[in-house]
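Student: Handing you this structure, nothing more for now.
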Amino acid sequence: MLKHLLKLMWNKRRANSMLFLEILLAFIVLFAVYAFGIYNLERYSSPLGFNYEQSLRVQLDLNDDLDSAGVLAIQERIRTELLTLPSVADAAFIGFVAPFLNNTWYNGNDDNGYELGTMGFFADEHYASTAELQLREGRWFEAGDANAKYTPIIVNGAFADEFYPNTTSLLDTILKLEGDNKIIGVVEDFKYSSNFAEASPLTFFYQRNGDYAKNPYESLIVRTKPGQTAAVEEPIYNMLTNITGNTDVVIENLAGARIQANRPTIIPLVILTTISAFLLINIALGLFGVLFTQINRRRAEIGLRKAMGATPGEVTAQFVGEVLIVTVAGLLLGTFFAVQVPLLELLPIPGKYFYFGIGAAIATILLIVTLCALLPSRQAARLHPADVLHEE
C-alpha cells in the first residue's frame, strides 16, 4: 500500500509541489515561533527578584561642585524629606544602571583562577528594603561597610549557581573584581533589564565604596503606598526641584517602564505568530481545495475501488495517506534545515529549545493536515459505486 502511494504521489509531484512548499514554509515559521516562544516563556516565568509595582524611578541632576560630604548630605536630606510624604513607603539611591532602562555594566577577569564575568548594579544601603529583595544568605549593605578592609559586595543567585555550584556558603569569600572584594550577602534572582532577560550573574556594589563626589548616584527608586503612585509624582517633583535648585527631574513609573522593556521581545513573537497562523490557514484551505478537486476528478477510480471491495475506511486512508506523504516530505526537508541551527550554534540560545520547536512544529502541522484531510476523504468514502460508474 505504501509503495503504491509513494509511486502515486511521485507521479503527481507537480500538482503537489505548491502544497509541499506551503508545508515547508509553515514548518520553518512554526519552528521559529515555538523555539523562541518556549525559550522566552521560560525566561518570562522566572522571577525578576524585586518589586517594581507602586514604584517610581526618579532621575536627578545634582550640583557638580559638591564634594563627597556634600553629595551624601543632600542625598540623606532628599530621602528624609521624601519619607515625610504620606504616600511614600521607602526610597533608595542607585547608580546609572537602573531597572528597565536598557543600560548595563559588565566586568570580568580570570584573576581568581577561573573566568569570571558579572553584570553590575550600584545601590545604597536602603535599596534592599525599597525594592523588597529576598536574601538567600548574609545581609545587605550597612553604613559601616564604607570603612571595611575589603570592599563589600553582594551577588545574586545566578552568580552563586554558575561560579560556585558546589559551595554551601559564599559569605566572606574574597574576590578580585576592581580590587579585593568580600561577599557579605547573596540575594535570590535579580533581573533588572526585562522579564525576558537571562538570569545572569550579577554583583551589587555599595555607593560609599566608590568616588561618589565624582560619580554621584543621581537616580532614586521610590516605592509608594498602594494606589498612590500617580498622585505622588507632583509632590515629589516639587520637593526635589526645591532641594536641588534644578528643574531637570524625570519621573518614570517602573510598571510602565517594564512594559516598554518587554516590547522588543513581544512584538517579534506576535508578528511571527500571526504569520504562522496565516500560513496554517492557507494550508488548511489548500488541502480542502486540492482534495475536493481530486475527488471530483477521481470519482470513477473511487467507484471502481469500492466495487472491487474497498471499504470506506480504506478509501479514507488512501486520501489521508497521500496528503501525509507530501506533508512528511516537507517536514523532513524542513527538519534538515532546522537542526542546523542548534548543531552549528548559529544563535546564542540553548539547543534544547530548538529541538522542542522542531517537535512542536511537526506535531502541529501533522495534526492540522490530518484533520483537514479527513472531511473530504470521508466524503470520497461515501460515494456509491453505481452512481459514479454510471457517470462514466
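The values are calculated or read from the model by the stated rules, or taken from the named source; none is laboratory data. What you are looking at is a predicted structure, and each value in this text was computed from that prediction instead of being measured. Positions of Cβ are generated from backbone atoms using ideal geometry, with glycine treated the same way; all protein chains shown enter the neighbour counts.
Student: All but one of (1) at pLDDT 90 or above; (2) surrounded by fewer than 20 Cβ atoms within 10 Å (Cβ to Cβ); (3) of a type in the set (A, V, I, L, M, F, W, C) hold for ALA261, so report the exception by its number.
Tutor: The failed condition is (2).
Student: Would a scan of the range 17-38 turn up a residue that is in contact with a helix residue (DSSP H, G or I) (Cβ under 9 Å, 6 or more places away or on another chain), acidic (Asp, Glu) and at pLDDT below 90?
Tutor: yes
Student: So, one more: Which is farther than 27 Å from PRO226 by Cα and more than 26 Å from the chain's Cα centre (by Cα), of ASP124, ASP172? First the steps, then the outcome.
Tutor: Values: ASP124 fails: farther than 27 Å from PRO226 by Cα.
Only one candidate qualifies: ASP172.
Student: State whether one or more residues within the range 23-39 are of a type in the set (Gly, Ala, Ser) and closer than 30 Å to ALA131 by Cα.
Tutor: Step one: of the range 23-39, the residues of a type in the set (Gly, Ala, Ser) are 26, 32, 35, 37.
Imposing the further condition that a residue be closer than 30 Å to ALA131 by Cα reduces the set to 37.
Within the range 23-39, one or more residues are of a type in the set (Gly, Ala, Ser) and closer than 30 Å to ALA131 by Cα.
Student: Hey, another quick one. Might you check whether a residue that is over 34 Å from the mean Cα position of the chain (by Cα) and among the small types (Gly, Ala, Ser) occurs anywhere in the range 91-101? Quick ask: steps written out before the conclusion?
Tutor: First pass over the range 91-101, keeping only residues over 34 Å from the mean Cα position of the chain (by Cα): none.
No, because not a single residue in the range 91-101 is over 34 Å from the mean Cα position of the chain (by Cα) and among the small types (Gly, Ala, Ser).
Student: Moving on. Go through LEU177, LEU170, LEU133, LEU202 for me and flag whichever is at pLDDT below 90 and surrounded by 14 or more Cβ atoms within 10 Å (Cβ to Cβ).
Tutor: Working: LEU170 fails: at pLDDT below 90; LEU133 fails: at pLDDT below 90; LEU202 fails: at pLDDT below 90.
So the residue among LEU177, LEU170, LEU133, LEU202 that is at pLDDT below 90 and surrounded by 14 or more Cβ atoms within 10 Å (Cβ to Cβ) is LEU177.
Student: Would you check which residues across the range 115-125 are touching a residue at least 24 places away in the same chain (Cβ under 8 Å), surrounded by fewer than 21 Cβ atoms within 10 Å (Cβ to Cβ) and out of contact with any helix residue (DSSP H, G or I) (no Cβ under 7 Å at 6 or more places or on another chain) and list them?
Tutor: The first filter runs over the range 115-125 and keeps only residues touching a residue at least 24 places away in the same chain (Cβ under 8 Å), leaving 116-125.
Imposing the further condition that a residue be surrounded by fewer than 21 Cβ atoms within 10 Å (Cβ to Cβ) reduces the set to 116-117, 120, 125.
Selection gives GLY117, GLY120.
Student: Quick check on the range 29-66: of everything there that is among the hydroxyl-bearing types (Ser, Thr, Tyr) and not in a helix (DSSP H, G or I), which residue is nearest to PHE356 (Cα to Cα)? Working first, answer last.
Tutor: Initial filter on the range 29-66 (among the hydroxyl-bearing types (Ser, Thr, Tyr)): 34, 39, 44-46, 52, 55.
Narrowing the set further to residues that are not in a helix (DSSP H, G or I) leaves 46, 52, 55.
On the way: SER46: 19, TYR52: 32, SER55: 37 Å.
Among them, the one singled out is SER46.
Student: Just name the residue that is nearest to VAL186 (Cα to Cα) out of those in the range 111-147 that are among the small types (Gly, Ala, Ser) and assigned to a strand (DSSP E or B).
Tutor: Residues of the range 111-147 that are among the small types (Gly, Ala, Ser), as a first pass: 113, 117, 120, 123, 128-129, 131, 138, 143-144, 146.
The next check asks that each one be assigned to a strand (DSSP E or B); those that pass are 117, 120, 123, 138.
Details: GLY117: 16, GLY120: 14, ALA123: 15, GLY138: 6 Å.
So the residue we want is GLY138.
Student: So, one more: Could you list, in sequence order, all residues of the range 142-164 that are charged (D, E, K, R) and either buried (at least 19 other Cβ atoms within 10 Å of the Cβ) or at pLDDT 95 or above (or both)? Let's see the steps before the verdict.
Tutor: Narrowing the range 142-164 to residues charged (D, E, K, R): 142, 145, 149, 161-162.
ASP145, the sole residue that qualifies.
Student: Can you tell me which residue within the range 168-199, out of those that are among the small types (Gly, Ala, Ser) and either part of a loop (DSSP other than H, G, I, E, B) or in contact with a helix residue (DSSP H, G or I) (Cβ under 8 Å, 6 or more places away or on another chain) (or both), is farthest from ILE266 (Cα to Cα)? Steps first, please.
Tutor: Residues of the range 168-199 that are among the small types (Gly, Ala, Ser), as a first pass: 169, 179, 185, 193-194, 197, 199.
This time we only want the ones that are either part of a loop (DSSP other than H, G, I, E, B) or in contact with a helix residue (DSSP H, G or I) (Cβ under 8 Å, 6 or more places away or on another chain) (or both), so: 169, 179, 193-194, 197, 199.
Details: SER169: 38, GLY179: 40, SER193: 14, SER194: 11, ALA197: 12, ALA199: 18 Å.
By that ranking, first place goes to GLY179.
Student: Only one of LEU60, LEU30, LEU48 is in contact with a strand residue (DSSP E or B) (Cβ under 9 Å, 6 or more places away or on another chain), in contact (Cβ under 8 Å) with a residue 40 or more places away in the chain and crowded, with 19+ Cβ neighbours inside 10 Å. Can you tell me which? Break it down into steps so the answer makes sense when it comes.
Tutor: Details: LEU30 fails: in contact with a strand residue (DSSP E or B) (Cβ under 9 Å, 6 or more places away or on another chain); LEU48 fails: in contact with a strand residue (DSSP E or B) (Cβ under 9 Å, 6 or more places away or on another chain).
Just a single option satisfies the conditions, and that option is LEU60.
Student: Select the helices (runs of 4 or more DSSP H) contained entirely in the range 273-392, then report the ones holding at least 1 residues which are modelled with pLDDT of 80 or more and among the β-branched types (Val, Ile, Thr).
Tutor: Ranges flagged: 312-338, 340-343, 351-381.
Student: Return the residues of the range 88-114 that are without any contact (Cβ under 8 Å) to a residue 40 or more places away in the chain and either closer than 24 Å to LYS182 by Cβ or of a type in the set (Gly, Ala, Ser) (or both); say none if nothing qualifies.
Tutor: Taking the range 88-114 and keeping what is without any contact (Cβ under 8 Å) to a residue 40 or more places away in the chain, we get 103, 105-106, 108, 110, 113.
Selection gives TRP105, TYR106, GLY108, ASP110, GLY113.
Student: Going by what's in this entry, would PRO165 be described as assigned by TED's automatic domain parsing to the domain that holds LEU72, in a loop (DSSP other than H, G, I, E, B) and farther than 20 Å from TYR52 by Cα? Talk me through it step by step, then tell me what you get.
Tutor: On the way: assigned by TED's automatic domain parsing to the domain that holds LEU72: yes; in a loop (DSSP other than H, G, I, E, B): yes; farther than 20 Å from TYR52 by Cα: yes.
Taking the combined requirement at face value, the residue satisfies it.
Student: Cβ-Cβ under 6 Å, sequence separation 6+ or interchain: first residue in the range 75-87 and touching a residue at least 60 places away in the same chain (Cβ under 8 Å), partner surrounded by fewer than 19 Cβ atoms within 10 Å (Cβ to Cβ) and β-branched (Val, Ile, Thr). Which pairs?
Tutor: Pairs that qualify, where the first residue is touching a residue at least 60 places away in the same chain (Cβ under 8 Å) and the partner is surrounded by fewer than 19 Cβ atoms within 10 Å (Cβ to Cβ) and β-branched (Val, Ile, Thr), are ILE78/ILE243.
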